[in-house]
Amino acid sequence: MSRIDENIHRILKDHGLTEYEIKTYLKLVFDGPATPFEISESVQIPYARVYGTLEGLEKRRWIRARPGRPVVYEANPPRSVAELELEQKQSEMVAFTNLMKQDLQAIYERREVVKNISLWVIHGGDKIADKIGEIVSTAKTRAYLQFAILIPKDVEDLRAPLKAARERGVSVKILSFVNPRFVDQKSLSLLSDEAEVGVIQEPNEESPKPYNVCAVDGRDTVLTYLWNLETPNDPGSRIAFRLSDEEFAGVMDRYFEYYWLKARRI
């Protein structure tokens, strides 16, 4: 068999034809119409198997029978076979896509998922700062920090790990919801030396988002909550949760990127 014949044979086999179907169809394409006996003799298919092979190809509309005695089979034009197969595959893909996107996706979204997530609870400003610095130090590609609460002590703790991350080539971005009661403007300006900083001005003092987010590489997240809104400058008024879950971190990344596009750079 020539190189081009070998290539044809491989493609037809990958398309789902059996060995006997390939030999039969190629025989009819290369040599023209033939009887079952001639096909059996020419391509060495057992005579007991040739009728099943012809029936399979005829059902797929690759060949057709000429009425008569004996019956003669001929190949349908390869171009029309290709168009027929393409139409069939497209119909199958439409049915498959509808099944996946509509039926199964609806079931997927309604299901109750139980996941084992690594979660740590962190109390105290210093321990929270250490933990954020720790995960920033592991960043390989990106570190996103979203502040709604920022005091001078935060900047002292963050500048070194942020600078080191930036020097490693990590994309470091800081987004702040500026509220005069909860965000120290001078501290925010100092952080612009270590990272890209964007700000969104809060409409009024009564609209704080009393939590910070640190997300690294779409895998690790630290959420810091201000549980006592009356004392935002007190490090003891905070509690943090560290989660190692890619799905949750991905959601945090998308929220960050959404607000980042709306933020004003400083």
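The values are calculated or read from the model by the stated rules, or taken from the named source; none is laboratory data. All of these numbers come straight from a predicted model, not from anything done at the bench. Note: ideal-geometry Cβ built from the backbone for every residue, glycine included; neighbour counts use all protein chains shown. Just so you know, the surface numbers come from the protein's heavy atoms only, side chains and all, with ligands and any DNA or RNA stripped out. Shrake-Rupley method; radii C 1.70, N 1.55, O 1.52, S 1.80 Å.
Here is how the numbers come out for the structure above:
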{"item": "Output for region 107-130, where each listed residue is open to solvent by less than 50 Å² (accessible area, probe 1.4 Å) and modelled with pLDDT of 80 or more", "result": "ILE122, ILE128, ALA129"}
{"item": "Candidate set: region 161-189, residues that are more than 35 Å from the chain's Cα centre (by Cα) and of a type outside the set (Gly, Ala, Ser); chosen: the one most open to solvent (accessible area, probe 1.4 Å)", "result": "LYS186"}
{"item": "Where a residue in region 14-31 is modelled with pLDDT of 90 or more and part of a helix (DSSP H, G or I) and its partner, wherever it lies, is open to solvent by 30 Å² or more (accessible area, probe 1.4 Å) and among the basic types (Lys, Arg), with Cβ under 9 Å and at least six apart", "result": "GLU19/LYS13; TYR20/ARG49; GLU21/ARG60; ILE22/LYS13"}
{"item": "Selection count, region 204-249, where residues are at pLDDT below 75 and among the hydroxyl-bearing types (Ser, Thr, Tyr)", "result": "2"}
{"item": "Residues (in a helix (DSSP H, G or I) and touching a residue at least 24 places away in the same chain (Cβ under 8 Å)) located in region 69-92", "result": "PRO78, GLU85"}
{"item": "Residue satisfying all of: in region 45-68; outside any helix (DSSP H, G or I) and over 14 Å from ALA34 (Cα atoms); least open to solvent (accessible area, probe 1.4 Å) among these", "result": "TRP62"}
{"item": "Candidates LEU145, LEU158, LEU104, filtered to the one that is among the aliphatic types (A, V, I, L, M), touching a strand residue (DSSP E or B) at 6+ places or on another chain (Cβ under 7 Å) and surrounded by 11 or more Cβ atoms within 10 Å (Cβ to Cβ)", "result": "LEU145"}
{"item": "Test: residue in region 163-177 that is part of a helix (DSSP H, G or I), of a type outside the set (Val, Ile, Thr) and modelled with pLDDT under 90", "result": "no"}
